[in-house]
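K.L.:
I'd like to ask some things about the structure below.
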Amino acid sequence: MNNIELIILVVLSLGILAYVLGKFNAKLGTVVTILGSFFVLITLGYYGFVMDPQGLDMTSNLFPSITYGFTYLGLFFGVIVAFTFSMVSFFNPFFVDKYKFSAAYSMLYLFSLAGTVGVFFTNDLRFLFFFFELVVWTSLFLIPMGDSKKAASWYYGFSALGSFSLLFAVLLIFKATGNFNVASIGTVDQYNVAIFFLLIIAAFAKLGAFPLHIWLPKVLTNSPDPITALFSGGLEKLGAFVAVLGLVKLAPVGTMISLNGYINMTTASYFIAILGSMTIVFGTLMAIRQDDAKTLLAYSSMSNGGYILVALAMMNSTALAGGLYHVIAHALASTGAFLAIAAVKHYTGTTKMKELGGMIHKMPITYLVYLIAIISMAGIPPMGGFISKWLIFQSVIDKGLIFVAIATFFGSIGSFLYVFRPLAALFLGQELPQHREKTKEAPILMLIPMLIITVLNIYTGVIPNFILGKINLVISELGLSPLELGVTDIVGLNGTLNPALISGMFGIGVAIAFVIFILLKKSKKVGLMDTYTAGNFVYTEALLHYSLDFYAPLERLYEKQINIMSNFYNSVANKVREFGAFMKYFFFSNKPEITVFFIMTIVIFLLWGDVL
Amino acid sequence: MILLGVLVAFGGFVLQTSMGGVNRKIIARLQKRYGPKWYQEFLDIFKLLSKRATSHGWIFDFGVIMALGGIIATAMFMPVSNNIIAFPGYDNFFIFVYLIAVGMLGMAMSASGSGNPLASIGVMRALTTMLAYEVPFMVIVLTIIKLSKSSSLSAIALSQQAGGDFNWFIIALPLGGVVAFISLLGMLGKKPFETYIAPAELASGPMVEYGGKQLGMLFIMHEITVFIEVALFVHLFLGGAENLLIFLVKYFLVYAIANLVSNVFGRFKIDQVVVFFYKWILPLAIIQAVIALYLGWVI
Amino acid sequence: MKSTRFSPVTNLSKEEVDRKWWEIGDFFRRNSLWMLMYCTGCCAIELPPAMTSAYDMERLGMGPMATPRQADVLLVTGYLSLKTLRRIVYTYEQMSEPKYVVGFGSCTINGGIYHDSHAVINQLDQYIPVDSYVAGCMPNTEAVMNGFIDLMDLIKNKKADGWKRYKENNAWYKKNQLDSLVEVNVHDEFHE
């Protein structure tokens, strides 16, 4: 079972089986999705990572025109995305009954999994495009099963732009190198600039980076809850994969900038780094003002996509390692956070923070899952996000990029703000009476994937060197020198980091604090409503719960500038509409004055055509 | 090694608590009154630890433990002088910035878990203030790391000492020194950036529901945090210390000057804090970084 | 000569150990009293001179604190109308133990100049336990400082146990409160 083609075909047929079973009983169809995703994860993980040298078989027997090639890069991304798919699939049985086409849901889920495996492992650029489009179309039909159909049209518009640029890039690569092999991207010597920008546009459209980011919050808020987790943790990594192809595999484009020995980047990479930093800042600022927890985490995904872009644009092995590690850490953290919010929505039916509060008293384990996920997302030790951010900071500082550094630091500190808001407004605070009876701890089938993700979050932060060893294989394959690793340290460009030591000291510190706490007098337990109210007698919980407009003073500073990009895109859409109306008026109407105009033009050309 | 770290943390706590009391006396003498005893802060903390307080649930207690634990862990990494370092080579600058964030996250969690909206408002203001003062500080530290080619605190201190007498970064990067000093005022939570405590406006912000041992542990956390931040400033800008006595002198100077400067100010509103840092301090930091890195003019 | 090496070690009994810890605790508590900034009536005007440069109470270790959970001393400064008494009882119960109450001015002792009013209570001691009083209408600032030092002496001599009296005689205090106030934690603020 180690043949890639066989894996993809098995998943496709399991998808059809899920459709058939789903017609009888929707939950049965989702069980098939769980089995299918786990099948992919186990085969890719075992034959790819655990067996050394890798044992995946790349021959294509049934469809010889689709060739596959093994790259460590593809394996790396493939295992991460398969892991996300399998963890999220546990949530499908609980949510599938609410959707209109529940049988098709399971089928489309498995089809998109097949498409992503195909994208990562194929060696033929035409079939890269084919599998890419398969993913786009299956996820396109998954989105409107949620809350809004208009979000699907935004996704379609931006993905069409991305897919078309990918198609043109594929054709140009064929013109430049003469074949359709993915491995030959590195040997392209003409049309460099055009291929670079076309691939970057495709990557931006899939990652949701500035300026092609408008679809991301709309789609992620309005899609079904498991699909939101899937998008953020899995499908956006397709964009990161295309970005690696464009930024790292392709030869450098443009002249080198070098100021007094600093920067040392090509113009094009510097431009991408600037766009990435604008994504970070924009995503952070928009995330701070959201009231819906899903929109907030969607903007956070956008911001972290910006981090990955900045890291990939640096052309430096430390930065590349940081970017790839950030792909893992962000996938884990974002999936964990979205799954926790989905568990809350399962009981209360809403994710808006102004209607929720005090969930921790009924769902403590979900709270812990969310807490560890956001500690990783904010880049705080001892979780995994700190390591990737540290590596990215090292290379940003080493190149002396001041403005990119400002954006990176701003995004890092700003992420404390927006990840804390659901914690304080949704899980902590007063318990609102309307949700008190309905909420219980999440069911065991939901808890299993959340706990697995939590353990992995902690593992990637405390012992990163195993994964960094695998990332070194990817980096060597891409032609850069691998990262220097000790037994437990990581050697960066201007310092050394020992994550196990930090976690150990953190444990010792907590132990000392705990001992001090235990030795002193026991506290008296009082209820939540018995609190300091300056002598007022308050009996309504909603009056003591602070959740709406959490960062109001900060939001007021920039609230007039938030609509610039969506206004721009709306005006572009208007211009297209006007152009269409113009064409219709001139060429498709039967008004008399148009006919007269055309007769006049033709007569003039016939009479005086040789003079004009 | 670990024992030395715990001793550093404990010594830092004792040092800062005494300095706090001495500074209260200095300010009192400025205001023509006598002021408390120099060990008054110790008495405050031990009195708090001996009271029986109220608690609002497990998250309330757990957050306090996590906050104090994170800060003790951070203090263990701090080098004190050239010879007193618990973990040589591993005292990276970013560890300090982010482990302090763990402490703050723990305190924020337990403050919000108390159910009082004033605590959440205080935490919101504390996070917004952090957003304001961290970015210019990090830009200046970027300059310093590039100029001394290492991000380990003891290496930066050694590189300043190696250049001769008074080859400190506060003189080599004067604008950077000003920016870092104002950021230090923000970090310590001193006026004019004291918005998140705001005793009468927010009923002391995040600390509104604490009493007894939780408040005592938070006070200990605050003292150790002040120790870490002032020691950070001493190592980055004043050249570290060859032995313990010089460290004490430099530490006392920095803390006393910060206290004296902050004593004459009122309190900013929270949006004034953000606008102040982004309008005046961040451009100053950028100018300093551009001058030092791209143009190469370092004194 | 009796050898001292094998003489039995005197073990302190549990009460004595407790008392020693309590004495150390009392040393900390009397040298670092934090008062709640709750200025009930006109006698509160005497607090600013006590806090600032004229009569500096910071040298005694005292200082103002914002919320009842953090404070040790509740200074009831002045007369107490029924509305205020409800809040005083609520605030007193929110403070953490051990806690002390100081009655300022004559109004807390016997009603002062408002002793025949229908809306003011006469004896604070019936409702919450008071540890010491500072007489006067209003007391001189030096008398205020003396009152604080008296409170510190009371703590040293273990006579400041108002909070223990409140717990032991809780039924009597509650009966007095309900007699005068009908309902301590009111539900309808505008018709109380």
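K.L.:
Would you mind checking the tilt of helix B:40-49 against the longest principal axis of the Cα atoms of chain B, expressed as 0 to 90 degrees and rounded to 10?
P.N.:
Result, in degrees: 50.
K.L.:
Exposure proxy check: A:Ser476, A:Ser258, A:Ser139 ranked by fewest other beta carbons within 10 Å?
P.N.:
Exposure proxy ranking, most exposed first: A:Ser258, A:Ser476, A:Ser139.
K.L.:
May I pose another question? If I stretch the segment between A:Phe514 and A:Ala542 completely, what's the gain in nm (0.36 nm per residue apart, minus their alpha carbon distance), one decimal?
P.N.:
6.7 nm
K.L.:
Between A:Met51 and A:Phe164, how many nm apart are label points set 7 Å from Cα along the C-beta direction?
P.N.:
About 4.4 nm separates the two model spin labels.
K.L.:
If I take every Cα pair under 8 Å that is 6 or more residues apart in the stretch B:159-253, average their sequence separation and divide by the length, what percent do I get for the relative contact order?
P.N.:
It comes to 30 percent, rounded to a whole number.
K.L.:
Which value in deg cm²/dmol, rounded to the nearest 500, describes the helix-derived mean residue ellipticity at 222 nm for chain B, given -39,500 (n - 2.57) per DSSP H run of n ≥ 4 and division by the residue count?
P.N.:
Mean residue ellipticity at 222 nm (helix-derived): -22500 deg cm²/dmol.
K.L.:
For chain A, what is the percent of antiparallel DSSP beta bridges, rounded to the nearest 5?
P.N.:
90
K.L.:
Using only Cα atoms and rounding to the nearest 10 degrees, what angle (0 to 90) does helix B:58-77 make with the longest principal axis of chain B?
P.N.:
So the helix axis and the longest Cα principal axis differ by about 30 degrees.
K.L.:
Here's another thing I want to ask about it. Could you size up the charge dipole of chain B around its Cα centre, putting +1 on the beta carbon of Lys and Arg and -1 on that of Asp and Glu, and report it in debye to the nearest 20?
P.N.:
Its charge dipole is roughly 740 debye.
K.L.:
Using the structure shown, list the pairs from A:Lys175/A:Lys237; A:Lys352/A:Lys438; A:Lys249/B:Lys149 with a Cα-Cα distance above 21 Å, or answer none.
P.N.:
Violating the 21 Å limit, Cα to Cα: A:Lys175/A:Lys237; A:Lys249/B:Lys149.
K.L.:
Assuming R0 = 22 Å, what is the FRET efficiency of B:Ile26 and B:Val264, from their Cβ-Cβ distance, to the nearest 0.05?
P.N.:
0.95
K.L.:
Sticking with this one: Going 7 Å from the Cα of A:Lys27 toward and past its Cβ, which residues in the stretch A:428-458 have a backbone nitrogen under 17 Å from where you end up?
P.N.:
A:442-448
K.L.:
What is chain A's relative contact order, in percent, from Cα pairs under 8 angstrom and six or more apart in sequence?
P.N.:
11
K.L.:
Name the residue from C:Val182, C:Ala50, C:Cys39 whose Cα lies farthest towards the positive end of the charge dipole of chain C, charges +1 on Cβ of Lys and Arg and -1 on Cβ of Asp and Glu.
P.N.:
Going by the Cα projections, it comes out as C:Ala50.
K.L.:
Using a/c under 1.5 as the rounded threshold, could you call the protein assembly as shown rounded, prolate or oblate? The axes a ≥ b ≥ c are square roots of the C-alpha gyration tensor eigenvalues, and prolate needs a/b larger than b/c, oblate otherwise.
P.N.:
Verdict is prolate for the protein assembly as shown.
K.L.:
Let me check against my output: what whole-number percent is the relative contact order of the stretch B:83-207, with C-alpha pairs under 8 Å and at least 6 apart?
P.N.:
36
K.L.:
Let me ask another. Where nothing but the Cβ of Lys and Arg (+1) and of Asp and Glu (-1) is charged, how large is the charge dipole of the protein assembly as shown around its Cα centre, in debye to the nearest 20?
P.N.:
620
K.L.:
Report, in whole Å, the centroid distance computed from the Cα atoms of the stretch A:4-30 and the stretch B:98-113.
P.N.:
Value for the Cα centre distance between the two parts: 46 Å.
K.L.:
In addition: Take the alpha carbon gyration tensor of the stretch A:387-448, find the square roots of its eigenvalues, order them as a ≥ b ≥ c, and report rounded if a/c is under 1.5; if not, report prolate when a/b exceeds b/c, else oblate.
P.N.:
Judged from the Cα gyration tensor, the stretch A:387-448 comes out oblate (a/c at least 1.5, b/c at or above a/b).
K.L.:
Which is the longest part of chain A that has none of the GluC sites (Glu not before Pro) sitting in a DSSP loop with at most 16 other Cβ atoms within 10 Å?
P.N.:
Longest site-free region, per DSSP loop and neighbour criteria: A:1-436.
K.L.:
When DSSP beta bridges are limited to those with both residues in the protein assembly as shown, what percentage is antiparallel, rounded to the nearest 5?
P.N.:
So the antiparallel bridges in the protein assembly as shown amount to around 45 percent.
K.L.:
Using a Gaussian network model on chain B with a 10 Å cutoff between Cα atoms, which of B:Lys213, B:Lys250, B:Lys37 fluctuates the most?
P.N.:
Of B:Lys213, B:Lys250, B:Lys37, the Gaussian network model singles out B:Lys37 as fluctuating most.
K.L.:
Kindly state, to the nearest 0.05, the FRET efficiency for A:Glu578 paired with B:Val275, given R0 = 51 Å and r defined as their beta-carbon distance.
P.N.:
0.80
K.L.:
Take the alpha carbon atoms of the stretch A:171-238, find their center, do the same for the stretch C:130-188, and report the distance between the two centers in whole angstrom.
P.N.:
73
K.L.:
Which FRET efficiency value, to the nearest 0.05, is calculated for B:Leu3 and A:Glu559 with the Förster distance at 41 angstrom and r the Cβ-Cβ distance?
P.N.:
0.20
K.L.:
Of the cross-linked pairs B:Lys190/B:Lys269; B:Lys47/C:Lys99; A:Lys100/A:Lys362, which ones have a Cα-Cα span greater than 22 Å in the structure shown?
P.N.:
Among B:Lys190/B:Lys269; B:Lys47/C:Lys99; A:Lys100/A:Lys362, the Cα-Cα distance tops 22 Å for A:Lys100/A:Lys362.
K.L.:
How large is the charge dipole for chain A, taken about the Cα centre, if only the Cβ atoms of Lys, Arg (+1) and Asp, Glu (-1) carry charge, to the nearest 20 debye?
P.N.:
Computed charge dipole of chain A: roughly 1240 debye.
K.L.:
Dipole of the stretch A:428-493 (Lys/Arg Cβ +1, Asp/Glu Cβ -1, origin at the Cα centre): which of A:Leu428, A:Ile452, A:Ser476 lies farthest to the positive side?
P.N.:
A:Leu428
K.L.:
Follow-up. Please identify the GluC sites (Glu not before Pro) of the stretch C:101-189 that satisfy two criteria: DSSP loop assignment and at most 16 other Cβ atoms within 10 Å. Which are they?
P.N.:
Within the stretch C:101-189, the qualifying GluC sites (Glu not before Pro) (loop, at most 16 other Cβ atoms within 10 Å) are C:Glu183.
K.L.:
Roughly how many Å is it from the Cα centre of the stretch A:264-307 to that of the stretch C:55-113, as a whole number?
P.N.:
Going from one Cα centre to the other spans 53 Å.
K.L.:
Using a Gaussian network model on chain C with a 10 Å cutoff between Cα atoms, which of C:Ala160, C:Ala171, C:Ala71 fluctuates the most?
P.N.:
Top of the fluctuation ranking is C:Ala171.
K.L.:
Also, quick follow-up: With the Cα gyration tensor of the stretch C:14-176 giving a ≥ b ≥ c as the square roots of its eigenvalues, does the rule (a/c under 1.5 for rounded; else a/b larger than b/c for prolate; else oblate) give rounded, prolate or oblate?
P.N.:
The shape class here is oblate.
K.L.:
For a 25 Å ceiling on Cα separation, which of these pairs sit above it: A:Lys522/C:Lys164; C:Lys83/C:Lys158; A:Lys23/A:Lys218?
P.N.:
Violating the 25 Å limit, Cα to Cα: C:Lys83/C:Lys158; A:Lys23/A:Lys218.
K.L.:
On a 0 to 90° scale, report how tilted helix B:153-162 is relative to the longest principal axis of chain B, with both axes built from alpha carbons and the result rounded to the nearest 10.
P.N.:
Taking the Cα atoms of chain B, the angle to B:153-162 is about 40 degrees.
K.L.:
May I ask you to list the trypsin sites (Lys or Arg not before Pro) in the stretch A:366-443 that are in a DSSP loop and have at most 16 other Cβ atoms within 10 Å of their Cβ?
P.N.:
Listed in order of number, the matching sites are A:Arg436, A:Lys438, A:Lys440.
Values quoted throughout were computed directly from the atomic coordinates according to the rules given, and no laboratory measurement underlies them. Keep in mind the model is a prediction, meaning the values are calculated, not measured. Positions of Cβ are generated from backbone atoms using ideal geometry, with glycine treated the same way; all protein chains shown enter the neighbour counts.
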